[in-house]
1. Can you tell me which of Asn237, Asn251, Asn224 is surrounded by fewer than 15 Cβ atoms within 10 Å (Cβ to Cβ) and modelled with pLDDT of 95 or more?
2. Please verify whether Tyr297 is more than 16 Å from ligand 2 (Cβ to nearest atom) and under 16 Å from Ile125 (Cβ atoms), treating the condition exactly as stated.
3. Hey, any hits in region 192-199 for a residue that's at pLDDT below 95, among the hydrophobic types (A, V, I, L, M, F, W, C), out of contact with any Lys or Arg (no Cβ under 9 Å at 6 or more places or on another chain) and closer than 25 Å to His256 by Cα?
4. Of the residues Ser279, Ser284, only one is under 23 Å from Ala248 (Cα atoms), away from ligand 2 (no atom under 16 Å from the Cβ) and in contact with an Asp or Glu (Cβ under 7 Å, 6 or more places away or on another chain); which?
5. With respect to Gly322, is the statement that it is part of a loop (DSSP other than H, G, I, E, B) and touching a Phe, Trp or Tyr at 6+ places or on another chain (Cβ under 6 Å) true?
6. When you check Asp212 against the structure, is it within 29 Å of Leu303 (Cβ to Cβ), open to solvent by less than 50 Å² (accessible area, probe 1.4 Å) and in the same structural domain as Glu168 (by TED's automatic domain parsing), yes or no?
7. Can you tell me which of Ala51, Ala103, Ala79 is under 20 Å from Gly322 (Cα atoms) and without any contact (Cβ under 8 Å) to a residue 60 or more places away in the chain?
8. Taking region 152-172 only, how many residues are out of contact with any helix residue (DSSP H, G or I) (no Cβ under 8 Å at 6 or more places or on another chain) and closer than 25 Å to Glu129 by Cβ?
Amino acid sequence: MMKDITILAIESSCDETAAAVVVNGRTVLSNVISSQISLHTLYGGVVPEIASRNHVERVIPVVEQALADAGKTLQEIDAVAVTYGPGLVGALLVGVSAAKAIAFAAGKPLIGVHHIEGHVAANFISHPELEPPFGCLVVSGGHTHLIEVEDYGKFEIIGKTADDAAGEAFDKVARAIGLGYPGGPKIDKKAKEGNPDAIQFPKAVVDGSPYDFSFSGLKSAVLNYLNHAEMAHETVNDADLAASFQKAVVNVLVEHSMALCEEKGYKHFAAAGGVASNSTLRESLKNACEKRGIQFYVPAPVLCTDNAAMIGCAGYYEYLKGARSGWDLNAVPNLRLGER
Ligand code: KG4
Ligand code: ZN
């Protein structure tokens, strides 16, 4: 029997300060998330400077809580994993600096983790039987990718958005109809009261690129719809609009995902990232996969949005490969998927 590997993970790339203790990549002993939503709501979106300051205040208490919940001391940890990109530079720097200080003081190795690799890895926590290779739709606030997970930490990018990310489109449309921040969950909720067939919005596709997406045209179509209604002094049914917009986003994500599964013959397909907590997307992907005899995987909603357990999981597979970061590890705000 191999010795258990226990990882303390830290995540601070956007507006959640999070820490977790994860054993052997898939057993989560603790998963502490301190959300800053209430601080940013006033401004209708994440204010980077406020996010950084709040991470500074929260990071140590959150780490202490994660260790206490797990019943572990720092000495019982084998490595410290931390998100070093992509994300807001100031926010990332807080987690990276804290992780370096903790790892250095405790004499433990440091492992820099790619935030999006963390999102994909969240599937390994919710589905202990899942192993690469499989196809995966990654949909977050900054990313929309169709990828093949070839091995742990090894990806082939097959499709991506030409402009806005899916989550960004949710957030912008939510703001336009006055639902505020954070947009995704608010549209998800509002859409339940509306008719998804009330308004026909354009398909978020890129001509000639079957696996790429384009959400900026869809977003503009929603804004145009609102402008026309305002000029004509017509009232807009927000629930119908939310449901119709959500349907347009979900349809293209599901269609492209299934086209890829059919072309590649995948028997296993997963979804990851904050938008993968969307109830309609989860249901539609599940049904579409079932129809084709494909096993569908999606993390529990709390593991879809930003958290540190997913970083602990991705960090574990890096640890096994012998990947170690130096004390010069820096935040890389534009780190691309597949880049180290
Ligand atoms: O993965 P994530 O937590 O952070 C990033 O790495 O970006 O994703 C955040 C994004 C936001 O755009 C948020 O509006 C969206 O995920 N989101 C949702 C839902 N929950 C979060 N979008 C649609 N439906 C949801 N239920
Ligand atoms: Zn994220």
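The values are calculated or read from the model by the stated rules, or taken from the named source; none is laboratory data. The shown structure was predicted, so the numbers you read here are calculated from the model rather than taken from an experiment. Neighbour counts are summed over all protein chains in view; Cβ atoms, including those assigned to glycine, are modelled from backbone coordinates with ideal geometry. The accessibility values were calculated without ligands, DNA or RNA, using every heavy atom of the protein model including side chains. Shrake-Rupley method; radii C 1.70, N 1.55, O 1.52, S 1.80 Å.
1. Details: Asn237 fails: surrounded by fewer than 15 Cβ atoms within 10 Å (Cβ to Cβ); Asn251 fails: surrounded by fewer than 15 Cβ atoms within 10 Å (Cβ to Cβ).
The unique qualifying residue is Asn224.
2. Yes.
3. no
4. Ser279
5. Here the answer is no, as Gly322 does not meet what is asked.
6. yes
7. Ala103
8. Of the residues in region 152-172, 2 are out of contact with any helix residue (DSSP H, G or I) (no Cβ under 8 Å at 6 or more places or on another chain) and closer than 25 Å to Glu129 by Cβ.
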